[in-house]
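Worksheet: the structure to be examined is printed underneath.
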Amino acid sequence: MKKILMTLALLCTVAAGTWAEDVKYLYYKVIAVGNQASLSGYSGTATNPTALTSTLLENSNEDNLDTGWHVLNSSFTYGERIVIYEDVELILKDGCTLTLKNGIRINTNARLTIYAQSEDNSPPLKGS
């Protein structure tokens with residue numbers, strides 16, 4: 001009986017959002033020294049980010065992304081506005097393009113940080 005309940009709990013958790021494998025990403029910081037500034041590149045790894053899909057957005061409340069790490073594994077176009085209420089980290093994997101026909105709204109005190117998987121990922125995000 002315990003085994004069945006554990007399996008059901010796991011299935012409910014997986015159904016809420018599709019988890020991706022760990023994903024490596026790149027980010028840059030501006031390093032300022034006196035009157036000079038330069039960019040320094042870094043890399044990181046997101047552990048089990050949620051896969052960003054049109055189905056995830058359509059099933060969410062008001063087309064919003066929940067706080068946490070998300071990864072775009074395949075290209076798609078989304079016709080509604082995406083709303084960011086909290087802190088969202090988005091990794092755009094190589095070769096994947098996210099096209100947002102109605103853009104993104106980032107609420108006050110919310111933050112959207114977009115990362116590339118590699119330097120070859122251009123242009124990964126489109127809006128109209």
query: Measuring from label point to label point, each 7 Å out along Cα→Cβ, what is the F76 to T99 span in nm?
result: 1.5 nm
- prompt: For V30 and L56 in the same chain, what is the full-extension length gain: residue separation times 0.36 nm, less their Cα-Cα distance, in nm?
  reply: 6.0 nm
task: Roll a 1.4 Å probe over the protein heavy atoms and report the accessible area of D63 in Å², nearest 10.
output: 30 Å²
query: E119 versus Y42, label points 7 Å from Cα toward the beta carbon: distance in nm?
result: 1.8 nm
task: Rank-order 98-111, 33-46 by packing density, defined as the average count of other C-beta atoms within 10 Å over each peptide's residues, highest first.
output: 98-111, 33-46
- prompt: How much accessible surface does I114 have with a 1.4 Å probe, in Å² rounded to 10?
  reply: 70 Å²
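The values are calculated or read from the model by the stated rules, or taken from the named source; none is laboratory data. Not measured: the values here are computed from a predicted model. For neighbour counting, all protein chains shown are included, and Cβ atoms are generated from backbone atoms with ideal geometry for every residue, glycine included. We work out accessible area using only protein heavy atoms, side chains counted, and drop any ligands, DNA or RNA first. Shrake-Rupley method; radii C 1.70, N 1.55, O 1.52, S 1.80 Å.
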